[in-house]
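What follows is a single structure, written as structure tokens, with notes after it.
The values are calculated or read from the model by the stated rules, or taken from the named source; none is laboratory data. Note that the structure is a prediction, hence the values are computed from the model and not measured. Positions of Cβ are backbone-derived with ideal geometry, glycine not excepted, and every protein chain shown enters the neighbour counts.
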Amino acid sequence: MPSSEALLLGFDLSTQQLKAVLITAHSLSVVHEASVYYDTDLPSYGTSNGAILGPDEGRVTSPVSMWLEALDLILERIRTAGIDLGRVIGIGGAGQQHGSVYWSLDAPSLLASLDPSKALGAPGHLAPQAFSLPDAPIWQDSSTTVECRGLEDAVGGSQALSDLTGSRAFELFTGVQITRRIAPIEVSDASGMSLMNILASRWEDTLLDACGGPELRAKLESEPVLGGSALGKVGTWWVQRWEFSPECIIAPFTGDNPTTVVALSAHGDAILSLCTSTTLHLSIPPPLSTVVPSTPPKCTMTSHLLAHPVAPGGYIAMLCYKNGALARERPEIIPPNITGEFFFKPDAGVTSMAAVPEVVFPPFSHPREILESQLLSIKLRVVDIVLPSAPPLHRLVLAGRASSNTVIQQVVADVFGSSTYIAERKAGTHEAAAFGGALLTWYAWWGNIRVERGTFEDMMEEVHCDRHNTDENGQIRSLAEPDVEAARVYI
Ligand SMILES: Nc1ncnc2c1ncn2[C@@H]1O[C@H](COP(=O)(O)OP(=O)(O)O)[C@@H](O)[C@H]1O
Ligand SMILES: O=C(CO)[C@@H](O)[C@H](O)COP(=O)(O)O
């Protein structure tokens with residue numbers, strides 16, 4: 001690979017760390033990865049697993065200054081690793097879905113006058129003045145229950161809100177945590193706000209009124225934009241401090257769920273993302289014919305429907321569990337709305353669950369039981385989000401750090417009775433969300449140099465990047481086959 005080859009930089013501002021993936025623009029090979037763990041790399045903020053709990057009941061936030069410092073540190077790490085940032089032609093990425101940062105009225109002028117001699121996170125440079133809240137509510141926040149009920153009431157109840165936006169009201173969604181924007185919002189990101197009409201991909205006036213009164217539409221500026229569009233070029237701070245090219249473009253960032261789908265999904269695949277959260281994604285492509293009316297996607301009380309970032313008329317159906325990695329690390333309760341520690345066993349006849357003493361389940365078996373109950377819950381709920389007309393699931397693709405665990409790979413194969421796969425990038429990365437962010441940036445760049453923009457799939461074909469391909473030259477590698485005997489237990 002010539003060292004001058006153009007690069008794309010994708011970020012993922014996830015719950016526990018900031019990650020960056022650099023890929024070559026024309027062959028999409030990973031050339032470098034870097035990460036910054038908030039708890040250990042930036043310990044002065046006192047986060048636990050990237051978050052701060054409280055002071056109010058259900059409040060979960062991350063310090064915005066910590067994220068700014070993480071950005072300084074990761075750029076330093078990339079440069080120290082010998083990467084010439086001047087080769088980067090586009091920056092894009094993802095963040096925890098539904099996390100929200102609150103810019104102040106002074107933010108635009110402060111952003112326009114950043115001092116290249118100062119780090120982004122240097123006290124008084126951007127923070128605290130550019131933010132109206134020093135701490136950003138993240139996806140684990142559950143402090144806005146009252147506002148959620150108010151939002152549902154405004155449109156006629158929880159199912160009505162789900163039909164309108166793709167999800168019932170959730171405390172973590174941005175609508176009930178509302179914000180001021182600097183750049184247009186990308187459609188799949190907008191679907192995680194409880195403010196967008198999911199079928200039209202446009203802001204819904206009733207919901208804007210319920211969440212922010214008349215000023216909110218003005219703050220949002222424009223209707224949501226498609227992923228992989230070019231927003232503009234990097235600011236001078238990036239050029240002067242880090243030697244990025246002034247021609248380097250910026251693509252809109254979105255949620256980590258849509259970028260994971262962009263990175264990994266082929267039609268008929270389900271993606272099981274084992275990050276801090278455990279999330280199952282199904283990509284629903286747009287209808288082939290615009291003449292025959294298509295079956296509307298399902299909007300349920302327990303799932304989310306997001307607009308697809310690069311396929312207008314397509315969707316992502318999603319199940320998301322808060323008690324993912326942290327529950328697996330420290331076995332705790334799985335059923336919702338119960339606090340304390342309980343153990344359950346199906347009654348004879350398997351119609352109900354009976355609480356049993358802890359001694360029935362020895363501690364060494366807890367991690368496996370936690371994992372099994374998480375996966376069985378997904379297996380039970382996934383039938384509710386698959387369209388009757390959808391083809392049978394083809395592959396189960398794993399993502400997230402825990403996907404490298406061979407025991408987890410096998411238990412997933414056994415519980416779902418389906419082979420499991422993993423993305424095998426040319427230089428290898430488990431960071432699907434950051435990789436997807438880089439791909440969306442390439443799509444923005446690639447689209448900009450064409451008379452006709454072309455589809456995301458056209459672009460992938462042009463680089464011979466076939467996400468269906470499972471042979472040794474392909475990108476998706478088989479990990480585990482179900483064990484027939486073990487799989488029978490989970491039917
Ligand atoms: N080998 C492993 N086996 C099981 N779990 C793992 C393994 N390595 C990492 N993890 C889990 O992965 C979690 C972090 O996953 P990651 O995808 O990096 O999350 P996030 O993107 O939310 O920061 C950790 O909290 C840990 O529980
Ligand atoms: O979708 C959600 C929350 O709805 C989560 O996936 C968050 O986006 C957090 O991501 P990770 O840090 O677990 O990757």
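Look at (1) among the aliphatic types (A, V, I, L, M); (2) part of a strand (DSSP E or B); (3) farther than 20 Å from Y443 by Cα and you find that L22 fails only one, number (3). Taking the stretch 344-458 and the strands (runs of 3 or more DSSP E) fully enclosed by it, the elements with 2 or more residues that are modelled with pLDDT under 85 are at 353-356, 420-423. Considering the stretch 262-290, and only residues there that are away from ligand 1 (no atom under 15 Å from the Cβ) and either in a strand (DSSP E or B) or within 13 Å of the chain's Cα centre (by Cα) (or both), the residue that is surrounded by the most Cβ atoms within 10 Å (Cβ to Cβ) turns out to be V262.
To keep it simple, each residue is scored yes or no on (1) away from ligand 1 (no atom under 14 Å from the Cβ); (2) buried (at least 22 other Cβ atoms within 10 Å of the Cβ).
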{"position": "L9", "(1), (2)": "yes, yes"}
{"position": "S27", "(1), (2)": "yes, no"}
{"position": "D39", "(1), (2)": "no, no"}
{"position": "G50", "(1), (2)": "no, yes"}
{"position": "G54", "(1), (2)": "yes, no"}
{"position": "L68", "(1), (2)": "yes, no"}
{"position": "I74", "(1), (2)": "no, no"}
{"position": "I83", "(1), (2)": "yes, no"}
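Can you spot a residue in the stretch 49-64 that is acidic (D, E) and within 22 Å of S143 (Cα to Cα)? Checked against the condition, which is being acidic (D, E) and within 22 Å of S143 (Cα to Cα), the stretch 49-64 yields at least one hit. Within the stretch 392-404, being surrounded by 15 or more Cβ atoms within 10 Å (Cβ to Cβ) and either closer than 19 Å to Y490 by Cβ or of a type outside the set (D, E, K, R) (or both) holds for H394, R395, L396, V397, L398, A399, G400, A402, S403.
Among the residues of the stretch 262-269, is any within 14 Å of ligand 2 (Cβ to nearest atom), modelled with pLDDT under 95 and touching a helix residue (DSSP H, G or I) at 6+ places or on another chain (Cβ under 8 Å)? Checked against the condition, which is being within 14 Å of ligand 2 (Cβ to nearest atom), modelled with pLDDT under 95 and touching a helix residue (DSSP H, G or I) at 6+ places or on another chain (Cβ under 8 Å), the stretch 262-269 yields at least one hit.
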